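Asker: Right, I'll just put the structure down here and ask away after.
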């Protein structure tokens, strides 16, 4: 028993476990996209956290199975996060940056759960196309991105890293912050664009473009153009950052950025089928994780 306690205290396997938590969190986010894309957000009725008033749904329809799966995965992930936070505090000393990042993971996970409850209890699911849902969609996905960022920082700061600030251009830190903020805006506008594609599918690319600028179109459709516009700004920021840093992490960020551009174009040309939306979101999550890791090394480099 003492050997197990000693191993936990030494943090043996902690980093690997943190990577597993981060990976599972990404799966939860992807399953959440399936809930939204299939209109299954009300699969458990107006009940939260119970499903149709029960812990286990009886004779569920497909929408109920999809929504209940998401809630179950979220519950399991929350347990994994609680274990991670406790282990980080047990293995790392007071003042360690991984501890601070883990605290933010807990706070943002709680906020994420509360926002999920608001979506369900407020009826911002299924075919709800109100302006309030647009606002809630932006807030919810931004919180999701911040949660993934906090988990990424926890993982990254559990590793022994050496700073490379001596090789940084003077404006690198400002560019890193600018790239992160721009990517948050890209994610928020992308979540609205995905919702618009789900609720108001277009018969063709040209018809979709016409709807984007039609005065009678719903707000979320008229906001769709903001996503590619924000993405263009984000690409410029990250490309500029890459030219100033040129580290291995920066090369990974650029490679994932190129992949995201390809997936984004494919999503538009294929008229946003569910599988493509999920694939595009997976690419976005991987890109965001890489960008946060790069930003951590630039903004707050950790000396070994």
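Asker: Inspect segment 222-231 for any residue being under 26 Å from residue 81 (Cβ atoms), touching a helix residue (DSSP H, G or I) at 6+ places or on another chain (Cβ under 6 Å) and surrounded by 18 or more Cβ atoms within 10 Å (Cβ to Cβ) and give the result as yes or no.
Answerer: no
Asker: Within segment 82-93, is there a residue that is closer than 24 Å to residue 195 by Cα, in contact with a helix residue (DSSP H, G or I) (Cβ under 8 Å, 6 or more places away or on another chain) and free of Cβ contacts under 8 Å to residues at least 40 places away in the same chain? Spell out how you get there, then give the answer.
Answerer: Keep residues of segment 82-93 that are closer than 24 Å to residue 195 by Cα, which gives none.
No: zero hits.
Asker: How about segment 267-284: which of its residues are assigned to a helix (DSSP H, G or I) and surrounded by 14 or more Cβ atoms within 10 Å (Cβ to Cβ)?
Answerer: 267, 268, 274, 276, 277, 278, 279, 280, 281, 282, 283, 284
Asker: If you don't mind, there's one more thing I want to ask. With the structure loaded, tell me whether residue 117 is closer than 21 Å to residue 75 by Cα, modelled with pLDDT of 95 or more and not assigned by TED's automatic domain parsing to the domain that holds residue 221 or whether it fails that test.
Answerer: Values: closer than 21 Å to residue 75 by Cα: yes; modelled with pLDDT of 95 or more: no; not assigned by TED's automatic domain parsing to the domain that holds residue 221: yes.
Answer is no for this residue.
Asker: May I pose another question? Pick from 166, 162: which is at pLDDT below 95, out of contact with any helix residue (DSSP H, G or I) (no Cβ under 7 Å at 6 or more places or on another chain), surrounded by fewer than 20 Cβ atoms within 10 Å (Cβ to Cβ) and part of a helix (DSSP H, G or I)?
Answerer: 166
Asker: Moving to a separate point now. Is it true that some residue in segment 125-133 is crowded, with 16+ Cβ neighbours inside 10 Å, assigned to a helix (DSSP H, G or I) and under 21 Å from the mean Cα position of the chain (by Cα)?
Answerer: Yes: one or more hits.
Asker: Only one residue in 176, 149 is at pLDDT 95 or above, crowded, with 21+ Cβ neighbours inside 10 Å, farther than 17 Å from residue 36 by Cβ and in the same structural domain as residue 33 (by TED's automatic domain parsing). Which one?
Answerer: After ruling out the rest, the residue left standing is 149.
Asker: Anything in segment 208-221 that is under 20 Å from residue 185 (Cβ atoms), in contact (Cβ under 8 Å) with a residue 24 or more places away in the chain and crowded, with 17+ Cβ neighbours inside 10 Å? List them, or say none.
Answerer: Hits for segment 208-221 are 220, 221.
Asker: Output yes when any residue across segment 51-74 is within 22 Å of the chain's Cα centre (by Cα), surrounded by 14 or more Cβ atoms within 10 Å (Cβ to Cβ), in contact (Cβ under 8 Å) with a residue 40 or more places away in the chain and more than 19 Å from residue 113 (Cβ to Cβ), and no when none is.
Answerer: Within segment 51-74 (the criterion being within 22 Å of the chain's Cα centre (by Cα), surrounded by 14 or more Cβ atoms within 10 Å (Cβ to Cβ), in contact (Cβ under 8 Å) with a residue 40 or more places away in the chain and more than 19 Å from residue 113 (Cβ to Cβ)), the answer is no, since none of the residues qualifies.
Asker: Let me ask something else. Within segment 18-28, take every residue that is surrounded by 17 or more Cβ atoms within 10 Å (Cβ to Cβ) and over 12 Å from the mean Cα position of the chain (by Cα) and give me the one that is nearest to residue 144 (Cα to Cα).
Answerer: My answer is 21.
The values are calculated or read from the model by the stated rules, or taken from the named source; none is laboratory data. Keep in mind that what you see is a predicted model, and the values were worked out from it rather than measured. All Cβ positions, even for glycine, are placed from backbone atoms using ideal geometry, and neighbour counts span all protein chains on display.
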